[in-house]
Amino acid sequence: MGKYLITGRQGSGKTTVIKQLQKLGYTAYNTDDLPDVTKLQNKETNETIDWPEGKVDWSRYAWNWQKPEIEKLLASDEIVFIGAVVSNQVDFYPMFDKVFVITVSVNTLKTRLETHEHSSHHLPGEIDRITNDHEKKQASFINEGAEPISGERPPKEIANNILNLVGL
């Protein structure tokens, strides 16, 4: 059965689309909600660290998937959707039948981040940090092989678009 990654910037709508797919009865995971799957690690030593108070120094740390845990999620005989944006996701692209990136405008992203559920996005300067390189980062997902999906629509439409593209 098919294995699909739904990625995109923080605030693009990944979690909402994953929840929509779950409502429709599909096996779908937001790996941010699975502490054994995604961990904050020191880039030099790969040592796992606890999430710090305040801002994360992204020049020193990476938000990484743990390979054995991703393999467990994908081992199912069912169709599996995973929603995530992690530092090492490109290393895992060969494990997926298709990778989708939810694309949104800078204005949409900024609006969503202002009300985002993750408190770390509300720290001073974080919304600017995320939106300043948004176009470049979004383009890099596409250049790495992700198929763009417009996130400027209701989550139900986005989920249905993805299901149609994978033949469901």
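General remarks:
- Residues of the stretch 36-58 that turn out to be in a loop (DSSP other than H, G, I, E, B), modelled with pLDDT of 90 or more and within 20 Å of Ile130 (Cα to Cα), as a count: 1
- Selected residue (criterion: modelled with the lowest pLDDT) from residues of the stretch 82-114 that are more than 21 Å from Trp51 (Cβ to Cβ) and polar (S, T, N, Q): Thr111
- Tally of residues being part of a helix (DSSP H, G or I) and touching a residue at least 60 places away in the same chain (Cβ under 8 Å) across the stretch 144-168: 7
- Contact annotation: residue pairs with Cβ atoms under 9 Å, 6 or more positions apart or on different chains, pairing a residue in the stretch 27-41 that is more than 21 Å from Val17 (Cβ to Cβ) with a partner that is in a loop (DSSP other than H, G, I, E, B) and β-branched (Val, Ile, Thr), are Lys39/Ile49; Leu40/Ile49; Leu40/Val56; Gln41/Ile49.
- Residue list for the stretch 8-26, filter: without any contact (Cβ under 8 Å) to a residue 12 or more places away in the chain and either at positive phi or assigned to a loop (DSSP other than H, G, I, E, B) (or both): Gly25
- Near pairs, Cβ below 7 angstrom, 6+ apart or cross-chain, from the stretch 58-77 (within 13 Å of Asn42 (Cα to Cα)) to any residue that is surrounded by 13 or more Cβ atoms within 10 Å (Cβ to Cβ) and charged (D, E, K, R): Arg60/Lys43; Tyr61/Lys43; Ala62/Lys43; Asn64/Lys39
The values are calculated or read from the model by the stated rules, or taken from the named source; none is laboratory data. This one's a predicted model, so the numbers in the text were calculated from it and none came from an experiment. Note: ideal-geometry Cβ built from the backbone for every residue, glycine included; neighbour counts use all protein chains shown.
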